[in-house]
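Reviewing the structure listed below.
The values are calculated or read from the model by the stated rules, or taken from the named source; none is laboratory data. Keep in mind that this is a model prediction, so the values were computed, not measured. In this analysis, Cβ positions are derived from the backbone assuming ideal geometry, glycine residues included, and neighbour counts consider all displayed protein chains.
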Amino acid sequence: MIRIFDTEEEVANEIAREMKEHLFNEQHPVFCLASGSTPHKSYLKFAGNPEIHGKIKDFNFVSLDEWVGIDKSSEGSCYQMLNQDLFSLISLDDSQIEFFDGTSPDLKQECSRIDRYIEQHPITFSLMGVGMNGHIGLNEPGCPVLNHSSVVELSETTKTVAQKYFNQPTELEQGITLGLGQVINSKRVIVVITGERKADIVKEMFSNPDAKLPAQELFGFEHIDFYLDAEAAKYIDRHQG
Ligand SMILES: O=C1O[C@H](COP(=O)(O)O)[C@@H](O)[C@H](O)[C@H]1O
C-alpha cells in the first residue's frame, strides 16, 4: 500500500508511533532501520517519547548496511548516523546492536556473522529509505534479490550523493548490505520517501515497471507499505497502490 501524507512531519509522527507500538506488542522485536537523512525525524520523535524508555531493554537492532573501509566512529558511517539519531538517545547498550563492520579484513565472514544473527533473531520491523537511484540499503539498480548479505560495488550516484554524510570528500567504492530478500522477509516493512528531491525517482518507481529499481522489488507484499510525503509524491497519482 502507498500512503501519502501531507508533510514530512506527519510521516515521521506515524513511523515513530508504529515503532513504539511494535516495541510494545512484539515479543522479540528486532529492528532493522536505515541510516541517512530521511528517517532522522522519525527517530528523534521515537526517542523523544518518554513512554518508550522502560521498554528499551527489549529493543534489538540489526544493521542494514555500511560503507566498506569506513570506521564506525567516522562522521558519515551508517553506524555513526544511527548512533547520533537513535542509539545514543535511547541509551541502547552495545549488546543490543549487531552492526556490519565495514573495516573488517574478512568481509565475507562479516556477512556470515550478520546472516547468522538474522537466522537466529528474525527481523520483525524494517524501516527502509530509498536512494536517489532507487536503491534499498546498498542494493543498487539491477541487483538480484538475495537472501543473504553481500559486498557490493557502489553506483556513481550513490558515491556522489553519499558525500553529504561526510565532513570531507571521502572515497567510497563498496558497501556491505543485507540482501533484498532479507528485508522482504521482515515481519513488517515500511519504506519511507520524503522531499521533492526524490520526486523523479518516485515517478520512475511507480510508472516504469521495467526500471529494475531495488525499491520495486518490495512492491506487492501485504506487510510492506510505502510512506511518502506530498513533495516526494508530487508526480504520482494519489489514488494508486
Ligand atoms: O545510501 C543510502 O541512502 C538511502 C537514502 O538516504 P537518504 O539520505 O536520502 O535518506 C538510505 O536509506 C540507505 O540506507 C543508505 O545506504
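Filtering segment 152-173 down to residues that are under 15 Å from Thr103 (Cβ atoms) and more than 12 Å from the ligand (Cβ to nearest atom), which residue is surrounded by the most Cβ atoms within 10 Å (Cβ to Cβ)? Top of the filtered list is Thr170.
Only one entry of Ser112, Ser104, Ser74 meets the criterion of being of a type outside the set (Val, Ile, Thr), more than 16 Å from the ligand (Cβ to nearest atom) and either closer than 19 Å to Ala162 by Cα or part of a loop (DSSP other than H, G, I, E, B) (or both), and that entry is Ser104. Of all residues in segment 127-151, exactly one satisfies the criterion of being within 11 Å of the ligand (Cβ to nearest atom), among the polar types (S, T, N, Q) and closer than 30 Å to Gln27 by Cα, namely Asn139.
Can Val151 be described as farther than 27 Å from Lys57 by Cβ, of a type outside the set (Gly, Ala, Ser) and either in a strand (DSSP E or B) or modelled with pLDDT under 95 (or both)? Full working, then the answer.
Numbers: farther than 27 Å from Lys57 by Cβ: yes; of a type outside the set (Gly, Ala, Ser): yes; either in a strand (DSSP E or B) or modelled with pLDDT under 95 (or both): yes.
Here the answer is yes, as Val151 does meet what is asked.
Can you name the residue in segment 24-43 that is within 14 Å of the ligand (Cβ to nearest atom) and of a type in the set (A, V, I, L, M, F, W, C) and is also farthest from Gly134 (Cα to Cα) among such residues? Selected residue: Phe31.
Selection of segment 99-140 for residues being under 30 Å from Ala232 (Cβ atoms), aliphatic (A, V, I, L, M) and more than 11 Å from the chain's Cα centre (by Cα) yields Ile114, Ile118, Ile123, Met132. For segment 188-210, the criterion of being closer than 30 Å to Leu107 by Cα and in a loop (DSSP other than H, G, I, E, B) is met by no residue.
Going by what's in this entry, would Ala211 be described as at pLDDT 95 or above and in contact with a Phe, Trp or Tyr (Cβ under 7 Å, 6 or more places away or on another chain)? Can you show your working first?
Values: at pLDDT 95 or above: yes; in contact with a Phe, Trp or Tyr (Cβ under 7 Å, 6 or more places away or on another chain): no.
When the stated conditions are applied, Ala211 does not pass them.
Considering only residues in segment 35-71 that are hydrophobic (A, V, I, L, M, F, W, C) and assigned to a loop (DSSP other than H, G, I, E, B), the one that is surrounded by the fewest Cβ atoms within 10 Å (Cβ to Cβ) turns out to be Phe59. Looking across segment 226-241, the residues that are at pLDDT 95 or above and away from the ligand (no atom under 16 Å from the Cβ) come down to Ala230, Lys234, Tyr235. When segment 176-188 is filtered for residues that are touching a Cys at 6+ places or on another chain (Cβ under 9 Å) and more than 12 Å from the ligand (Cβ to nearest atom), the ones remaining, listed by number, are Gly179, Leu180, Gln182, Ser186. Residue-level check: of (1) of a type outside the set (Phe, Trp, Tyr); (2) crowded, with 18+ Cβ neighbours inside 10 Å; (3) on the phi > 0 side of the Ramachandran plot, Cys32 misses just (3).
The set of residues in segment 180-235 that are over 25 Å from Glu26 (Cβ atoms), among the charged types (D, E, K, R) and touching a helix residue (DSSP H, G or I) at 6+ places or on another chain (Cβ under 6 Å) comprises Asp229, Glu231, Lys234.
Among the residues of segment 77-101, those that are in a helix (DSSP H, G or I) and either over 22 Å from Ser37 (Cβ atoms) or charged (D, E, K, R) (or both) comprise Asp85, Asp94, Ser95, Gln96.
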